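Any read-out appearing in this document is the output of simple, stated calculations on the displayed coordinates, not a laboratory observation. In this text, all values refer to a predicted model and were calculated from it rather than measured experimentally. Using ideal geometry, Cβ is built from the backbone for each residue, glycine included, and neighbour counts are taken over all protein chains shown.
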Amino acid sequence: MSDRNSDVGGIPIEEVVVEAQEALRDRSQTRVPDKNWVKVLDHFKREWQIYAMLLPTLIWFVVFLYKPMYGLQIAFKDYSIFRGVAGSPWIGWEHFETLFTNDQFLRAVRNTIYISALNLLFGFPAPIILALMFNEVMHATYKRTAQTIVYLPHFISSVIIAGIVITAFSPSAGIVNTFISWLGFEPIYFLTQPEWFRPIFVGTGIWQEAGFGSIVFLAAIAGVNPSLYESAVVDGANRWQMMWKITIPSILPTILIMLIIRIGNVMEVSFELVILLYQPSTYETADVVNTWVYRQGLQSGQYDLAAAAGLFNAVVAFVLVMTANTLSRRFSRTSLW
Amino acid sequence: MSGVNLSGIVKAYGALQVVHGIDLNVAEKEFVVLVGPSGCGKSTTLRMIAGLEEITDGDLMIDGRRMNRVAPKDRDVAMVFQNYALYPHLNVAENMAFGLRIRKMPKDQIKTTIDDVAEILGLTPYLDRRPADLSGGQRQRVAMGRAIVRHPKVFLFDEPLSNLDAKLRTQMRAEIKRLHNRLGVTSVYVTHDQVEAMTLADRIVVMNDGRIEQIGTPMELFNNPANTFVAGFLGSPPMNQMKGVLTETGAKIGNTELRLHGAINGHQGRDVIVGVRPEHVTLAESEGTTALPINLDLVEPLGSEALLHAHHGEDNLVFKADTNGDINHLYGVGTVHVPAHLIKLFDAETGRALNLGA
Ligand SMILES: Nc1ncnc2c1ncn2[C@@H]1O[C@H](COP(=O)(O)OP(=O)(O)O)[C@@H](O)[C@H]1O
Ligand SMILES: [Mg+2]
């Protein structure tokens with residue numbers, strides 16, 4: 001009966017709600033406010049399991065992200081392993097001056113930005129397009145199979161991915177060059193030619209990550225209220241219109257969040273993949289800040305200079321992510337924090 | 001033949017059949033309400049009319065045209081959804097314009113249409129707002145507006161008021177009725193709320209378990225329920241039902257015999273369900289009534305009336321009584337008086353209404 005008349009034991013629902021609100025108000029007025037630290041203690045006592053679950057992540061952050069920050073100071077010091085971090089003398093901005101007069105470093109910065117821009121332009125939309133395409137696939141088995149196939153490269157180690165790419169583009173036996181010579185052209189030495197590095201690198205990145213990246217967008221699409229589509233169907237929209245007028249606007253917040261994160265990672269061009277795919281003959285286009293830091297720091301032992309370059313990288317990323325977040329919050333009411 | 005005609009409509013999901021053959025003719029400009037308990041197949045039926053669900057078997061005609069295989073957009077129907085289905089990223093005007101833009105209506109024409117409808121619905125001040133910045137009632141109105149601007153042949157409503165609080169629901173109910181009187185568009189309205197059904201419908205279709213139990217005007221259904229299900233569904237509180245046996249002059253319930261009006265000739269000894277509406281009994285004896293002793297359990301005051309919860313033998317009963325401003329006199333009630341001509345009889349086995357001697 002309550003179902004049909006919306007009442008609780010014969011009392012109309014509004015009255016019940018009003019009474020409950022009053023009861024709540026009375027209670028909050030009569031209770032003596034606890035001291036702050038008592039509240040905090042109470043809270044921990046009640047919720048300690050949740051904090052326990054948080055602990056591994058916190059430890060990871062401290063050990064791998066916060067503790068190394070102490071070592072960052074060597075970017076401003078004349079560091080040597082024998083004197084240690086604390087014992088090395090301060091030298092101010094000297095390393096940064098060295099960096100910005102170093103042609104190789106400046107080239108690495110340019111390459112990083114260039115590759116990142118390409119990544120953003122082609123690599124960022126790829127998973128979104130993939131998700132939208134999966135969403136249109138009606139046949140369940142076909143859809144699952146296709147999804148599994150595109151997720152797969154994500155789970156393969158970059159070393160193997162690079163191996164596959166190197167083999168595929170090999171001038172002698174690679175499938176690409178076999179095809180090219182079959183068409184009657186000369187084979188191309190893709191991986192030794194600077195102009196080919198960027199397309200191959202960006203393409204490999206998309207192949208490796210676009211499928212897995214589409215999961216986030218598929219989840220966002222799954223969250224769209226299905227009656228929006230039904231309403232549009234009755235209104236006469238076709239699938240194309242529904243994609244543009246419902247799906248994409250609905251997942252726009254997710255797209256923006258992912259974009260902000262991506263922009264924050266602009267300076268972090270996939271280091272392993274570059275190391276695995278580049279060679280001295282392609283440094284001209286392939287050497288990025290991270291690989292340069294790696295060669296200077298670990299191979300030439302200039303830890304202080306490498307730290308300065310790393311710090312520069314981090315500051316740029318920080319500024320970028322703050323800017324993107326602020327812009328997004330201002331223009332679309334969506335932001336990371 | 002205009003309006004909406006369903007004949008032998010069946011819906012099955014794989015092997016599971018959920019609508020078992022529905023025959024219904026909705027006349028042009030008629031407001032028909034499908035009502036029934038949750039899960040009885042109302043929405044499924046409505047969605048088959050809209051074209052959102054495929055029709056497994058039977059024929060659907062709209063305006064004389066067979067629609068079974070026609071795409072939803074070509075059926076010329078507009079649907080209002082329970083959760084409003086408003087596009088969160090569009091403002092009120094854009095939401096209402098959605099269907100018109102899709103149909104490529106010229107811009108200036110869209111604008112005048114929307115301004116007109118917004119005026120009717122009192123939405124003019126809110127045209128620039130997003131749905132998130134509207135109250136529940138306003139969102140509901142936008143959803144209706146979106147249907148109205150299309151000027152469809154048929155409106156379909158799927159529980160459009162059930163997300164509103166009781167007060168707003170009453171208000172919007174009246175508004176829907178006014179709109180229907182004004183626009184005169186054939187409407188099929190789904191609800192589980194029998195009050196909504198009674199107040200809105202030209203005709204009510206009571207559904208249960210994928211079947212139609214009865215079709216008729218609200219008063220027909222109220223006065224002459226075809227079976228115990230309809231009797232127990234309509235009215236608030238619904239009709240009391242007591243097990244009884246027919247005698248020569250009436251129906252015996254436990255040790256009490258209720259006198260009946262019609263002839264019972266030849267039906268003596270038949271097991272029946274005796275139906276008495278809560279509001280039909282009186283506390284004072286009068287011409288043509290029989291006293292029914294009851295054990296009072298609870299008195300629920302509603303204001304001018306009170307509900308008496310009682311039992312007689314194993315049957316739980318509810319009666320309505322006037323309070324006359326005070327309920328104290330109701331606590332002593334031990335008998336109610338049942339007027340013979342208002343008693344309903346149903347077959348105990350089939351639950352169907354019995355019309356003896358009539
Ligand atoms: N897609 C589906 N697959 C299987 N069963 C369904 C599906 N949709 C609805 N049903 C079933 O059909 C019956 C009628 O549902 P519905 O028409 O939504 O009921 P209501 O009268 O509450 O609107 C319910 O028992 C429901 O479980
Ligand atoms: Mg329903």
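What nm value, rounded to one decimal, do you get for the distance between A:PHE179 and B:HIS329 when each label is placed 7 Å out toward the C-beta?
9.6
Say R0 is 30 Å: what FRET efficiency, to the nearest 0.05, do B:HIS341 and B:HIS20 get from their beta-carbon distance?
0.25
What is the distance in Å between the Cα centroid of segment B:85-131 and that of segment B:309-329?
Answer, in whole Å: 51.
With each pseudo-label sitting 7 Å past Cα toward Cβ, what's the A:TRP90-A:ALA146 distance in nm, one decimal?
6.1
Using only atoms on other chains, find how many Cβ atoms lie within 10 Å of each Cβ of peptide B:81-89 and report the average.
Rounded to a whole number, the mean comes out at 6.
Over the whole of B:95-101, what's the average partner chain Cβ count within 10 Å per residue? Rounded to a whole number, please.
3
Report the label-to-label distance for A:ILE166 and A:GLU284 in nanometres (one decimal), using points 7 Å from each Cα along the Cα→Cβ vector.
2.2
Taking the highest mean first, how do the peptides A:50-62, B:184-196 order by number of other beta carbon atoms within 10 angstrom per residue?
B:184-196, A:50-62
Please list, in order, the residues from segment B:75-113 whose amide nitrogen is less than 19 Å from a point placed 7 Å along the Cα→Cβ vector of A:ARG239.
In segment B:75-113, the label zone of A:ARG239 (backbone N under 19 Å from the point 7 Å along Cα→Cβ) covers no residue.
Rounded to whole Å, give me the distance from the Cα center of segment A:233-261 to that of segment A:30-93.
41
Over all directions, how big on average is the projection of the convex hull of the alpha-carbon atoms in segment B:238-347, in square nanometres?
Average projection, Cα convex hull of segment B:238-347: 6.6 nm².
What's the extension gain from A:GLN73 to A:LEU259 if we count 0.36 nm per residue and subtract their Cα-Cα distance?
Between A:GLN73 and A:LEU259, full extension yields 63.9 nm more.
What are the lysines whose alpha-carbon lies under 24 Å from the alpha-carbon of B:LYS29, with same-chain residues fewer than 8 places away excluded?
B:LYS42, B:LYS73, B:LYS153, B:LYS177
What is the Cα convex hull volume of the protein assembly as shown when expressed per residue in Å³?
Expressed per residue, the convex hull around the Cα atoms of the protein assembly as shown is 274 Å³.
Which order do peptides A:230-237, A:175-182, B:225-232, A:249-256 fall in by mean Cβ count within 10 Å, highest first?
A:230-237, B:225-232, A:249-256, A:175-182
Once the mean 1/r over all distinct Cα pairs of chain A is inverted, what Kirkwood radius in angstroms do you read off?
After inverting the pairwise mean of 1/r, the radius is 25.4 Å.
State the three equivalent ellipsoid semi-axes of chain B, derived from the C-alpha gyration tensor as the square roots of 5 times its eigenvalues, in descending order and whole Å.
Rounded to whole Å, the semi-axes are 45, 25, 15.
Mind giving me the FRET efficiency for A:TRP60 and A:ILE188? R0 is 45 Å, r the Cβ-Cβ distance, nearest 0.05 is fine.
Computed FRET efficiency for A:TRP60 and A:ILE188: 0.55.
Please give the FRET efficiency for A:ILE156 paired with B:ASP271, using the beta carbon to beta carbon distance and R0 = 51 Å, rounded to the nearest 0.05.
0.10
When only Cα pairs under 8 Å and 6 or more residues apart are kept, what is the percent relative contact order across segment B:238-347?
31
Over all Cα pairs of segment B:185-290, how is the pair count split among 5 Å bins, expressed in % and running from 0 up to the last occupied bin?
Going out from 0 Å in 5 Å bins, segment B:185-290 shows 2, 11, 19, 18, 17, 12, 11, 6, 3, 1, 0 percent.
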